[in-house]
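Since the structure comes first, as structure tokens, the remarks are kept for the end.
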Amino acid sequence: MAIDLNGLGRSLAKTLPTDIFSRLGLNKTNVSYDDTGNKGRAPQNLGDFVSEVAARGLARPNWYYVLIHTPFGSGDERLASLFCNGAELPAININSTGSLIQGFQTEMPYGASFPDVTMSFYLDSDFRVKTFFDKWVNKTLIERGNTYEVEYWNNYVSDVVICQIDSETDEVYQVTLKNAWPKAVSGVHLISGGGEVASMQVVLTYERWIVTKNADGALARIGGKNAGYSNGIKGMFESFKGILNTPAKFIDSAKNTISKITNIFSF
């Protein structure tokens, strides 16, 4: 026997209280369909878009900065950070595999991977920026005669900060590449004539990335070696304080949700 799912949905909607949207703090005209199944006002329109852009502005890709740290504390860290003329906020890939569930092929996640980040740098006339990355690359390997052996991992990894700023140079979104190191350093293209500025690219690989600041504000974290934010005992205290506050916040949120649901269905 065929089941009219649309009719079932409309019947179920009619059993809900007529003021369900107001009880949830929503305006019925702001949803695509009301509780009778009839079309309502579109949730988005050009006027809303224009007003939001006027109020919030739009992010610009050239408003950013990076903070590069190295495990060996080179004095040229600041110079390399200043001369970075191109970067990217990192991506994340959710690894998944197909699973057969009740006759349907469904993708199920089993892990995550983090693609490399590519940065470009202007080169100063003394090639200090190039020398900086040469030292970092050499730190990953131990030269012994004609063979190269890999150094201990914690001797060549460090944190790298990438931050988006607004027109007032306030930080709005910041991520930290945890345990990063230069996987590849490009050559330097030389050419006669012109007046071009020499540049190079560096590919950074890393363990993972974490958000250390977003629209909700600065997030609790423990800083790593030479990190540009709270570290040591202070950083640990801030992180543990945030962890301890989480259960209380979750309980309060659960109580509010249960109370709201109870009010909705108390006909």
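Read-outs: derived from the displayed coordinates by stated rules, not from any lab. Keep in mind that what you see is a predicted model, and the values were worked out from it rather than measured. Glycine also receives a Cβ, built like all others from the backbone with ideal geometry; neighbour counts cover every protein chain displayed.
Here the residues 122, 64, 110, ranked from fewest to most Cβ neighbours within 10 Å of their Cβ, fall in the order 110, 122, 64. Proximity of backbone amide H atoms, modeled 1.01 Å from N, is registered between residue 64 and 165 at under 5 Å, excluding neighbours fewer than 5 places apart on the same chain. Rounded to whole numbers, the Karplus 3J(HN,Hα) couplings from phi for the range 72-79 are 9, x, 5, x, 9, 4, 5, 4 Hz, using 6.51 cos²θ - 1.76 cosθ + 1.60 with θ = phi - 60°, and x at Gly and Pro. Backbone amide hydrogens, once placed in the peptide plane, bring residue 141 within less than 5 Å of 151, excluding anything fewer than 5 places away on its chain. Look at the dipole of the range 61-148 built from charges on Cβ: of 103, 84, 132, the Cα furthest out on the positive end belongs to 132.
Neighbour counting of Cβ atoms within 10 Å sorts the residues 108, 200, fewest neighbours leading, into 108, 200.
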